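The values are calculated or read from the model by the stated rules, or taken from the named source; none is laboratory data. This structure is a prediction, so every number in the text was calculated from the model and none was measured. Backbone-built Cβ (ideal geometry, glycine too); neighbour counts: all protein chains shown. Ligands, DNA and RNA are excluded from the accessible area calculation, which covers all protein heavy atoms including side chains. Shrake-Rupley method; radii C 1.70, N 1.55, O 1.52, S 1.80 Å.
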Amino acid sequence: MTTATLKEKINLSHAKALKRAREMMKVTRIEMARRLNLSLEAIKKYEKGGSVIDERKIQNYLQALNLTDEDYQKIKKGKG
């Protein structure tokens, strides 16, 4: 597995977890975009893995959803 492939896999894992977290909190993409002051297209890119998701973006998402890092880890593991 190349480094790029590993990074893409990690990014996609975050993308799926962020989408799952938003859906669990019953927040629409439109509402999420409003909460983060981003476009709907930006939210779609994040959740499809089309945009690099760094720690700052994850923290912003969690804050907008009132979730903790612990909540996120559970969601990421499919236990949330």
Q. With each pseudo-label sitting 7 Å past Cα toward Cβ, what's the ARG35-LEU12 distance in nm, one decimal?
A. 2.6
Q | Cβ-defined net charge surrounding GLN73, 15 Å radius [Lys, Arg +1; Asp, Glu -1] | A | +2
**Q.** For the chain, the longest site-free run once trypsin sites (Lys or Arg not before Pro) in DSSP loop states with at most 15 other Cβ atoms within 10 Å are removed
**A.** 27-76
Q. Just ILE30, ILE43, ILE53 to compare: in a GNM of the chain, with alpha carbon springs under 10 Å, which one fluctuates most?
A. ILE30
Q | Average accessible area per residue (Å²) across the chain - probe 1.4 Å, nucleic acids and ligands excluded | A | 68
Q. Can you work out ³J(HN,Hα) from phi for every residue in segment 25-40, in order, using Karplus 6.51 cos²θ - 1.76 cosθ + 1.60 and θ = phi - 60°, giving whole Hz and x for Gly and Pro?
A. 8, 6, 10, 6, 4, 4, 5, 5, 4, 5, 4, 9, 6, 10, 7, 4
**Q.** From phi via Karplus (6.51, -1.76, 1.60), per-residue ³J(HN,Hα) for segment 51-59 in Hz, x at Gly/Pro
**A.** 10, 5, 9, 9, 4, 4, 5, 4, 4
(Q) Springs between alpha-carbon pairs under 10 angstrom, Gaussian network model over the chain: which of LEU62, LEU12, LEU36 fluctuates most? (A) LEU36
Q: Quick one: pull the percent of accessible area on the chain belonging to carbon and sulfur, 1.4 Å probe, ligands and nucleic acids left out.
A: 52
Q: Compute the Cα gyration tensor for the chain, then decide on rounded, prolate or oblate, letting a ≥ b ≥ c be the square roots of its eigenvalues: rounded whenever a/c is under 1.5, prolate when a/b is larger than b/c in the other cases, and oblate in all that remain.
A: oblate
Q: Counting helices only, and only those DSSP H runs with n ≥ 4, report the 222 nm mean residue ellipticity of the chain as the sum of -39,500 (n - 2.57) divided by its residues, in deg cm²/dmol to the nearest 500.
A: -22500 deg cm²/dmol
Q. Once both labels are modelled 7 Å past Cα along the beta-carbon direction, what's the GLU23-LYS44 spacing in nm?
A. 1.7
Q | Solvent-accessible area of THR28 with every protein chain in place, 1.4 Å probe, in Å² to the nearest 10 | A | 80
